[in-house]
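Data block below; observations after.
The values are calculated or read from the model by the stated rules, or taken from the named source; none is laboratory data. Keep in mind the model is a prediction, meaning the values are calculated, not measured. Here the Cβ is made from the backbone with ideal geometry for all residues, glycine too, and neighbour counts use every protein chain on show. The accessibility values were calculated without ligands, DNA or RNA, using every heavy atom of the protein model including side chains. Shrake-Rupley method; radii C 1.70, N 1.55, O 1.52, S 1.80 Å.
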Amino acid sequence: MMLNSYLASVLLCLPLAVPSFAYYFQGYYCPKIMVSPMKDDKVYSPVGLGIVTSKAGFRIHPITGRGDFHSGVDLAANLNDRVYCLLDGVVTRVGYRGALGVAVEIYHFYPNIRTIVGHLNAYSVIPGQRVRRGQVIGYAGSTGRSTGVHVHYTVIKQGTGEYIEPMAFFRTVPKYIAAMNTFRARAAIAMNMKKFNEEKLSDKQTDTDKEDLPPSTGEVQPPLPEK
């Protein structure tokens, strides 16, 4: 009887098993603003060394074992590694987002795209907040449908909803930065900012929205042409 009681007390102290494919932790808000200086002409990943663990496009899903369209790229990370913003923009959505887990979405006035980081453990921005290149927007985790700690990164063309290949986008970012001071780029930014304010995109936050990203034909477009 004493042995049974002892075993029962030990079992009560053990953590309950949580399936790796359904980690529903809602994340937490860490408001400390940190900005790392990024050179304009250097290619960066939003996290760590940018080691790819799963490419964008059609793949065999690691959990379901079935054919699946992957809207972005998965990058290796350690728990709570800092996740950085690569281009200036404004935060449009923050919160738990279905299979993506805890996610942060940012609209970038130039080149008129949205970027989404998913599976975060924590986030350091809120909807409507302006963010700049090199700013920490969250911390790597394994929330949502995930087999382990990593960061999912998606790039979407605003308006058309086309998915853009993230690794090619990383390599194109320095070109966008170099073009920002051109007349054409400044005009595009002003037009996109006006449209953004009129449509109040920043009001479309998803702190309680569980929707996943929309389905696709299975194609990922190359990065946007330089303007």
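Odds and ends about this structure:
- Residue list for the stretch 100-122, filter: more than 21 Å from Arg171 (Cα to Cα) and either acidic (Asp, Glu) or surrounded by 20 or more Cβ atoms within 10 Å (Cβ to Cβ) (or both): Leu100, Gly101, Val102, Ala103, Val104, His119, Leu120, Asn121
- Qualifying residue in the stretch 188-200 (condition: modelled with pLDDT of 90 or more, of a type in the set (A, V, I, L, M, F, W, C) and within 19 Å of Gly118 (Cα to Cα)): no
- Screening Leu87 with (1) open to solvent by less than 10 Å² (accessible area, probe 1.4 Å); (2) part of a strand (DSSP E or B) gives one miss only, at (2).
- Hits in the stretch 93-135 - residues which are on the phi > 0 side of the Ramachandran plot and of a type outside the set (S, T, N, Q): Gly95, Gly98, Gly101, His119, Gly128, Gly134
- Against the list (1) touching a Gly at 6+ places or on another chain (Cβ under 9 Å); (2) surrounded by 15 or more Cβ atoms within 10 Å (Cβ to Cβ); (3) modelled with pLDDT under 90, the condition Ala76 fails is (3).
- Selected residue (criterion: most open to solvent (accessible area, probe 1.4 Å)) from residues of the stretch 145-201 that are under 26 Å from Gly27 (Cβ atoms) and among the hydroxyl-bearing types (Ser, Thr, Tyr): Thr147
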